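A short worksheet on the structure shown next.
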Amino acid sequence: MKTAKGIGQDIQAYLQLIMSVAFLFQKDQTPFRENLQTAIVLIDSLEAENKHWVFGELSDFLIDLISRERLEIIKGFIGELKNISQDTAAIFRPLNYVVRYFEIIYSDEKSAKERESKAQRLLDSITSEIKDPVKEMIGRVKENSA
């Protein structure tokens, strides 16, 4: 797909991001960083609408991957994206809350009631501007887990 002719930079950037996630799952840092850097160079040259599409698709992909076993890798990937720029960090702010929510839910704390209470406090602390998207993402993760 990377070498296919006629695909736009937005698709190329998205593919690079997906490959970087795959390399991170394999704990292979060099190709992870290379693919991530290539994706960012491609994304930087995109118009705002196409950037929005790429990051939206990436968010959807990461939401679909969230599970107890994958949470730390997804958290690390989002952390790397946040380090790239303030704009990128802002885009992934809702997803950060989703990851934090599931860190609480999946924690080793014995009391399920206490985990739920902490997770609810986190939701209550979110600004109204992003609360609904965060709840929607959490619902998707729960649906995927069922």
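Taken together, the values in this text are just the output of simple stated rules run on the coordinates, not laboratory data. All values reported here derive from a predicted model rather than from experimental measurement. We place every Cβ from the backbone using ideal geometry, glycine too, and count neighbours over all the protein chains shown.
Extension gain for Asp108-Glu72 works out to 11.5 nm (0.36 nm per residue, less the C-alpha to C-alpha distance). Note on the chain: Kirkwood hydrodynamic radius from all Cα pairs is 16.2 Å, rounded to one decimal. Straight-distance candidates among the lysines for linking to Lys5, with alpha-carbon spacing under 22 Å and chain neighbours fewer than 8 residues away dropped: Lys51.
Across the range 134-144, rounded Karplus estimates of 3J(HN,Hα) from the backbone phi angles (6.51 cos²θ - 1.76 cosθ + 1.60, θ = phi - 60°) give 5, 4, 4, 5, 4, x, 5, 4, 5, 5, 5 Hz, Gly and Pro being marked x.
The angle separating the long axis of helix 93-105 from the principal Cα axis of greatest extent in the chain is about 40 degrees. Principal-axis analysis of the Cα atoms of the chain puts helix 48-65 at an angle of about 50° to the longest axis.
Can you list the GluC sites (Glu not before Pro) in the range 43-117 that are in a DSSP coil and have 10 or fewer other beta carbons within 10 angstrom? Walk me through the intermediate numbers first.
Numbers: sites: Glu47, Glu49, Glu57, Glu69, Glu72, Glu80, Glu103, Glu109, Glu114, Glu116; in loops: Glu47, Glu69, Glu109.
Passing both the DSSP loop test and the Cβ count: Glu47, Glu69.
Computed from the C-beta positions of Thr127 and Ser45, the FRET efficiency with R₀ = 41 Å rounds to 0.85.
Whole-Hz Karplus values for the range 69-80 come out as 6, 9, 4, 5, 5, 5, 4, x, 5, 4, x, 5 Hz, taken residue by residue from phi with 6.51 cos²θ - 1.76 cosθ + 1.60 and θ = phi - 60°; glycine and proline positions read x.
Potential lengthening of the chain between Lys142 and Thr30 amounts to 37.0 nm, from the contour at 0.36 nm per residue minus the alpha-carbon distance.
Who wins for biggest fluctuation among Lys27, Lys110, Lys135 in a Gaussian network model of the chain, springs between alpha carbons below 10 Å? Between Lys27, Lys110, Lys135, it is Lys110 that shows the largest mean-square fluctuation.
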